[in-house]
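The values are calculated or read from the model by the stated rules, or taken from the named source; none is laboratory data. Remember, it's a predicted structure, so these values are computed and weren't measured experimentally. When we count neighbours, we look across all protein chains shown, and the Cβ atoms used for this are built from the backbone with ideal geometry, even at glycine.
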Amino acid sequence: MKQLSTKNKISELDNYCYFFRGISFKEKGIFNEAKNSFNKISKRFKFYKTVENYLGQIALEQNEFKKAISYFKEFEYLETANYFNIDQGKVNHNLGICYLHLDDYTKAEYYLLKSTEIQEKENDTLMLIGAYGDVANLYYNQFKDNLALPYFEKAYRLSKKVKRYDLKKIAALNLAVVEENNKNFEKAIEYRKEAEKWNDSLTDQNKIWAVADVEKKFAIKQKQKEIEVLEIKNEIRETQRNGLFIIALLLLSIFGIGVYFYRQKIKRNKIILAQKENLDELNATKDKLFSIVSHDLRSSVNGLKSSNSKLMLNLKSNNYEQLDELIHQNAVVANSTYNLLDNLLNWANQQTNQIFFQKESLHLFSILKQVEYNYKPLVAEKNIELKIEIDKNAFVFMDLDSLKIVLRNLLDNSLKYTNEKGMISIFTQNNTTETIQLIIEDTGIGMSAQVIVELLQESTKLSKKNNKEIVGTGLGMQLCKSMLQKNGGKINIQSQEGMGTTIILTLPKQPTNE
């Protein structure tokens, strides 16, 4: 700063001053100041390629992935031995991370594997642990657990050789998650506990919950085994009793024995069939709830944890602009998680017949304005135009809570899948003496015909996250269909991919005799 403030300017010396100043800011995590210093350096500077490398690293830190790629691409074919302090392994690794965040898995795989090969030759243990972990996450995000597992294990084994407790913790935690997905709960518990050991200085309640949840699943599995053993024993005892009874009946009448066995067989078959159907339904419900908790809530909680870590870093650097952005992100994640939990509660109440329906005449415009009020912050944040053109004299005959659940879920979906500066229109049309048609139309990403069929089919099953066409769990749509059906309403969907979605609700009016 003293040199740069002097009147006697020496351009080459100024370049060095800005260069070292930019490096200092970058190492301190003050990225905007670092960029300002680097951008003041002349392109004729001897080490300008090093400057561009640092600018690429800063862009990556600030999630400007396409901009980061444009910098790193310049060094893709740079000689391994160079005086610019540019490591080819790190360059390929950074390119792979950028493409991974942009969901370009093919390019991400190419650069991450290329980076791993270079790190293996250089025998850089710390870099290898990170490289293996990133390759594993690449495959894990594509649901290729069989390809991800070997790399998670390599990272885990290498972490044993270093004193970096954070790397040990991450490696153990990754294996715990994979083992949970494979339902190998004993190993998952071991890895979870090992991760807790490396993280004993933190009071992470969410991680404690995860370990307890795995232990609970393991306990349930053990209980199921005990029940199966008891059932087998009961069947053996029942068979023995039947055998003695059959011998007694033989003394009375062969005909009576035949009749008895025939009736017993039919009775047992009916009982077994009813029990099997009930158990299958309960197991399917239990597995689906576990899937929702493990995928949706884990993703939301991990997002909050990651964002909170960034909050702490930005608090230290007083980066208020980034702090404001992170706080808004946390609010969106928290709101989404709250909506999921609210849907889970309503779905559970519905499954156990604990929902009470009280139909009454409701002013549709007022209900919509109430629902709109709760979403005003999100509408403003995404700069979405929300138009409500409802007949103010329209009344529907429905249960109030059911109508609010339907409107909240459908408006939440429209906001979630409509890009910034998009538009959502809510209006009525084709009203009759018996029904009102409420239209919710957005300019979002739309959906394929196959997804529409799956959402509208008569089924109580939840959607499964096994491909990109099915987004979310489908729990909200199941609730909407069920609530509308019980209130005498209907739902229809019209949509094309990339062309937005139109939801058509047919809502009942109050009967004239009432």
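Conditions (1) among the β-branched types (Val, Ile, Thr); (2) on the phi > 0 side of the Ramachandran plot; (3) surrounded by 14 or more Cβ atoms within 10 Å (Cβ to Cβ), marked per residue:
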| site | (1), (2), (3) |
| --- | --- |
| Asn85 | no, yes, no |
| Gly96 | no, no, yes |
| Lys107 | no, no, yes |
| Ile118 | yes, no, yes |
| Met127 | no, no, yes |
| Phe143 | no, yes, no |
| Leu149 | no, no, yes |
| Leu167 | no, no, yes |
| Ile170 | yes, no, yes |
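Determine whether Val406 is modelled with pLDDT of 85 or more, within 23 Å of the chain's Cα centre (by Cα) and crowded, with 16+ Cβ neighbours inside 10 Å.
Yes: the conditions hold for Val406.
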- Task: Considering each of Asn349, Asn353 in turn, give the residue that is surrounded by 12 or more Cβ atoms within 10 Å (Cβ to Cβ), polar (S, T, N, Q) and modelled with pLDDT under 75.
- Result: Asn349
- Residue list for segment 76-101, restricted to those being touching a Lys or Arg at 6+ places or on another chain (Cβ under 7 Å) and modelled with pLDDT of 75 or more: Ile86, Asn92, Tyr99
- Item | Residue among Lys233, Lys286, Lys221 that alone is under 30 Å from Leu173 (Cα atoms) and at pLDDT 75 or above | Lys221
- Task: Collect the residues in segment 163-182 that are touching a residue at least 12 places away in the same chain (Cβ under 8 Å) and not in a helix (DSSP H, G or I), keeping them in residue-number order.
- Result: Arg164, Asn182
